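Enquirer: Quick one: the structure is below, questions incoming.
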Amino acid sequence: MSAPARRFWKEVTIEDGGIRLDGKPLRTPARAPLALPNDDLARAVAEEWRAVEGTIDPAALPLTGLANAAIDRIAPDAPAFAEGIARYAATDLLCYRADHPAGLVARQGEAWDPPLDWARARYDVDFIVTAGITPVDQPRETVRRLGAAAAARDAFHLAGLAPLVTLSGSLVLGLALAEGALTEAEAWDAAELDDLWQVEQWGEDALAVQAREDKRRAFRAAARFLALLG
């Protein structure tokens, strides 16, 4: 295995939406120019590269990683990528509830009913909410309309939306956060509600804590990416 790359540049600048390291354009893994769609995101990506010390750690460059994904993976076939996100409309986390204990049932209702109500009003859809994990068929029009909401986004917005949906298991939470109906903290708490309930009952080990922290960082970065896109 090759050794991790180390910082080799002194100056990070922005030119025509692209990032330059000592005057040379920064490129994606597929060697496309890393061109950002607006000044806010360009400045934030540039700050990631200014903050690098010693070895380059991709985990410390989350906005860069999302921009790379938008350019290399999503833009070549955005409809196909959006279709993958849209599938979550059929199995949305918020539609699968516990039937006991009463405390968990109540907490799910408090956290999950408002986003579903928002989606009902925003997209004129309805949901089948069930207890347990047995799959239920959501109304066809609900799946179609929520899928269309994802497909309407460009490659950069899809790059930010995708982690929110996949990490939470909920297209509704992802769309609500992307459209400002939920804050990042509200969406995260809703997504992690079941796991946090289990932690309250039984505790968790160091590995589980680290995994949740890593997941939270990725979720927060995706939310910030969308916020910077505007």
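We did not get these values from a lab; they are worked out from the coordinates using the rules stated. Source: prediction; values computed, not measured. Positions of Cβ are backbone-derived with ideal geometry, glycine not excepted, and every protein chain shown enters the neighbour counts.
Enquirer: Taking Cα pairs under 8 Å and at least six residues apart, what relative contact order does segment 7-95 come out at, in percent? Could you put the intermediate results ahead of the total?
Expert: Working: 85 pairs, mean separation 20.4, N = 89.
In percent, rounded to a whole number, it is 23.
Enquirer: Could you work out which residue, out of Ala185, Ala121, Ala69, moves most in a Gaussian network model of the chain, that is, has the largest mean-square fluctuation with Cα springs under 10 Å?
Expert: With Cα springs under 10 Å in the chain, the top fluctuation among Ala185, Ala121, Ala69 is at Ala121.
Enquirer: Still on this structure: To the nearest 20 debye, what is the magnitude of the charge dipole of segment 77-229 about its Cα centre, counting +1 on the Cβ of each Lys and Arg and -1 on the Cβ of each Asp and Glu? Show your work: numbers first, answer last.
Expert: Working: 15 positive and 24 negative charges, 85 e Å.
With Lys and Arg at +1 and Asp and Glu at -1, about 400 debye.
Enquirer: A further question follows. Please report, in debye to the nearest 20, how large the charge dipole of segment 7-100 is about its Cα centre when each Lys and Arg carries +1 at its beta carbon and each Asp and Glu carries -1 there.
Expert: Values: 11 positive and 15 negative charges, 53 e Å.
Once rounded to the nearest 20, the dipole reads 260 debye.
Enquirer: Along the charge dipole of segment 77-229, pointing to its positive end and built from +1/-1 on Cβ of Lys, Arg, Asp and Glu, which listed residue (Phe127, Thr91, Phe225) has its Cα farthest out?
Expert: Phe225
Enquirer: At Ala5 and Arg140, where each label point lies 7 Å from the Cα along Cα→Cβ, what is the point-to-point distance in nanometres?
Expert: Label-label distance for Ala5 and Arg140, simple model: 4.9 nm.
Enquirer: Place the peptides 139-151, 5-17, 46-58 in order of packing, highest mean first, counting for every residue the other Cβ atoms within 10 Å and averaging per peptide. If you can, show how the numbers build up before the last one.
Expert: Working: 139-151: 17.5, 5-17: 11.5, 46-58: 13.5.
In decreasing order of mean packing, 139-151, 5-17, 46-58 become 139-151, 46-58, 5-17.
Enquirer: Pull out the extension gain between Val105 and Asp124, defined as 0.36 nm times the separation in residues minus the alpha carbon to alpha carbon distance; nm, one decimal.
Expert: 4.3 nm
Enquirer: Another question, if that's okay. Amide H to amide H under 5 Å from Arg27: which residues, 5+ apart in sequence or cross-chain, H placed 1.01 Å off N in plane?
Expert: Leu34
Enquirer: Report, in debye and to the nearest 20, how large the dipole of segment 1-62 comes out about its Cα centre when Lys and Arg carry +1 and Asp and Glu carry -1 on their Cβ.
Expert: 320
Enquirer: Place +1 on the Cβ of every Lys and Arg and -1 on the Cβ of every Asp and Glu in the chain, take the dipole about the Cα centre, and give the residue among Thr166, Ala151, Gln198 whose Cα lies farthest towards its positive end.
Expert: About the Cα centre, the residue reaching furthest to the positive side is Ala151.
Enquirer: Sort 96-103, 199-206 for me by packing, meaning the mean count of neighbouring Cβ atoms within 10 Å per residue, highest on top.
Expert: Details: 96-103: 13.0, 199-206: 9.9.
Answer by packing, highest mean first, reads 96-103, 199-206.
Enquirer: Find the percent of Cα-Cα distances in the chain that exceed 32 Å, and round it to a whole number.
Expert: Values: 7306 of 26335 pairs.
In whole percent, the share of Cα-Cα pairs in the chain beyond 32 Å is 28.
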